[in-house]
Amino acid sequence: MKNDIIPSKVEIRQLGKVYDGSTSSTPALQDVNLSVEHNEFITLVGASGCGKSTLLRILAGLEYATSGEAYCDGKLINGPGAERAMVFQHYSLYPWLSVLGNIKFSRGLKANRGDITSSDVEAAAGRADALLNLIGLDKVANSYPNQLSGGMQQRVAIARALLGRPSMLLMDEPFGALDAQSREVMHDMILHIHRIEKTTVVFVTHDVEEAIYLGQRVVLMEPRPGRIHSIYPVPLPRARDQDMKHTAPFRELKAEILARIRESSGMATDLELLDKLCAQSSAL
């Protein structure tokens, strides 16, 4: 791409990724094309091995594509950037630092550089305090990670990612280790953060219900090699509440996506085989 104007926040074109082994190569992604708009919240779902996390890591600049291109704000992604922040499933908090210390940690490192002024550090401190209020942890600012629940720890990790005001938040199954009740709380929390911060969010999950509830579009990927199978606009208003999960449009979309995942991953055939084996066993 030379003089193209890209209005989208993210533009992915013919992206491919191959992992080379000692005796063979494994294609992880092939011909992935996707546009993500500014302030959009999209979710990626699919069976294990479909390349969701690989695609996210390429967008974060933590891995390189073998072919094709990925752009953010019209600039080729060829490494990490301050405009892109990533949140992982594991919180990776520093146990010797308080909640506030964890949030400000990266800015503290930059404060040792000559191009960071004391006013920059003060602004970061104010930003950290504001984020504490946003995520509802202002009362435990001086607590340590081992004193917090899993959901609280993930809130700290999200606030840490937001400290530098990134315009895009990349989230790799951030709520996968939480119990069902904590996940619901975090779902509404991240939607609130998205509404306030106005970031673009790309969110990877195995949970179809989570994908529909959070996303404005659900991108279904299929494996061997990983590629986009279908993209589903979510027929729900931007303002979400948990009761929407019981509505007909929600249930119908969930059923359709689950059926496509089973079909694209070969799981439907496996289930048919299991049914046949169970029938044979009961006949003995």
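Read-outs: derived from the displayed coordinates by stated rules, not from any lab. Owing to the predicted nature of the structure, the values given are computational and were not obtained by experimental measurement. Every residue, glycine among them, receives a Cβ derived from its backbone with ideal geometry; neighbour counts consider all protein chains shown.
Can you tell me the FRET efficiency between ASP207 and ALA125 if r is taken as the Cβ-Cβ distance and R0 is 30 Å, rounded to the nearest 0.05?
Details: r = 36 Å, r/R0 = 1.20.
FRET efficiency, ASP207 to ALA125: 0.25.
Remark: the TYR94-MET244 segment gains 50.3 nm on full extension, using 0.36 nm per residue and subtracting the alpha carbon distance.
For the chain, what is the calculated [θ] at 222 nm in deg cm²/dmol (nearest 500), taking -39500 (n - 2.57) for each run of four or more DSSP H residues and dividing by its residue count? Before the final figure, lay out each step's value.
Values: 8 runs with 111 residues, N = 284.
Theoretical 222 nm ellipticity from helices: -12500 deg cm²/dmol.
Mind putting a number on the dipole of the chain about its Cα centre? Charges go on the C-beta only, +1 for Lys and Arg and -1 for Asp and Glu, and I need it in Debye to the nearest 20. Mind showing how you got there, number by number?
Details: 31 positive and 33 negative charges, 109 e Å.
So the dipole magnitude of the chain works out to roughly 520 debye.
Couplings 3J(HN,Hα) for the stretch 176-184, derived from phi with the Karplus relation 6.51 cos²θ - 1.76 cosθ + 1.60 (θ = phi - 60°), are x, 8, 8, 6, 4, 5, 5, 4, 4 Hz, where x marks Gly and Pro.
Quick check for the chain: number of Lys pairs with alpha-carbon distance under 18 Å, counting only pairs 8 or more apart or on different chains? Within the chain, the lysine pair count is 6. The structure shown yields Rg and Dmax of the Cα atoms in Å, and of the options (1) 18.3, 54; (2) 22.2, 96; (3) 20.8, 79 that calculated value carries the label (3). One chain, two ends: LYS75 and GLU37. Fully extended at 0.36 nm per residue, the span grows by 12.2 nm beyond their Cα-Cα distance.
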